[in-house]
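The values are calculated or read from the model by the stated rules, or taken from the named source; none is laboratory data. Nothing here was measured: the structure is a model prediction, and the numbers come from that model. No Cβ is skipped: glycine too gets one built from the backbone with ideal geometry, and neighbour counts run over all protein chains shown. All accessible areas refer to the heavy atoms of the entire protein, side chains included, with ligands and DNA or RNA removed. Shrake-Rupley method; radii C 1.70, N 1.55, O 1.52, S 1.80 Å.
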Amino acid sequence: MTSIQLHVNGTAVQADAEPATLLVDLLRGPLGLTGTHVGCDTSQCGACTVLLDGRAVKSCTVLAVQAAGRSVTTVEGLAAPGGALHPVQDAFIACHGLQCGFCTPGMMMTATCLLQHNPDPSDDEVAHALEGNLCRCTGYVNIVAAVQVAAKTLRTQQAGEAA
Ligand code: FES
Ligand code: FES
């Protein structure tokens with residue numbers, strides 16, 4: 001076992017991990033953050049996507065020890081401390097961007113990363129960004145629409161803050 005320290009959703013945490021422990025298993029197990037899902041064993045589905053130092057990664061492809069000293073954001077960390085939903089979460093609800101919801105945490109984390117780096121993406125850019133996230137329910141149309149609504153909300157918020 002190795003003792004590692006990392007920041008998860010803005011909080012410093014310490015955890016013990018075996019050398020081969022995957023980040024997703026650390027999050028879902030000892031840290032109790034079960035919003036990060038496991039949908040495959042081939043690193044294809046994207047349900048396990050989290051932000052690692054602000055970049056979307058599939059947490060089933062990262063060793064827990066590789067996250068030592070780094071910042072991890074899971075879907076539980078998207079909402080504001082007071083509980084107000086993040087614009088990406090609001091938009092997925094408003095646009096019916098989910099059905100069973102299994103893929104949704106990963107979709108939202110990938111979308112959040114995209115919008116942090118590209119605040120005004122085209123539909124093709126949204127689709128490209130979400131290529132690593134599979135959904136077996138929605139057909140993706142409403143997911144792309146949700147990301148565009150979230151993008152618009154975030155741009156409006158940023159314009160208001162800059163004014
Ligand atoms: Fe499917 Fe990680 S669990 S990509
Ligand atoms: Fe069911 Fe995407 S909403 S897998």
For this session: Kindly report, to the nearest 10 Å², the accessible surface of GLU18 as traced by a 1.4 Å probe over protein heavy atoms only.
Result: 90 Å²
Problem set entry | Selected from ALA20, THR104, GLY82, residue furthest toward positive end of dipole (the chain; charges at beta carbon) | GLY82
Exercise. Listed highest first by mean packing, meaning other Cβ atoms within 10 Å per residue, what order do 81-90, 41-50 come in?
Worked result: 41-50, 81-90
Seminar exercise, completed: Contact order relative to length for the chain, counting C-alpha pairs under 8 Å separated by 6 or more residues, stands in percent at 23 percent
For this session: For LEU78, tell me the accessible area in Å² from a 1.4 Å probe, rounded to the nearest 10.
Result: 20 Å²
Exercise. Taking all protein chains as present, what is the carbon and sulfur share of the accessible area of the chain, in % to the nearest whole number, probe 1.4 Å?
Worked result: 53 percent
Exercise. Using the heavy atoms of the protein chains alone and a 1.4 angstrom probe, what is the accessible area of segment 1-160 per residue in square angstrom?
Worked result: 49 Å²
Exercise. Can you list the trypsin sites (Lys or Arg not before Pro) in segment 53-138 that are in a DSSP coil and have 13 or fewer other beta carbons within 10 angstrom?
Worked result: ARG136
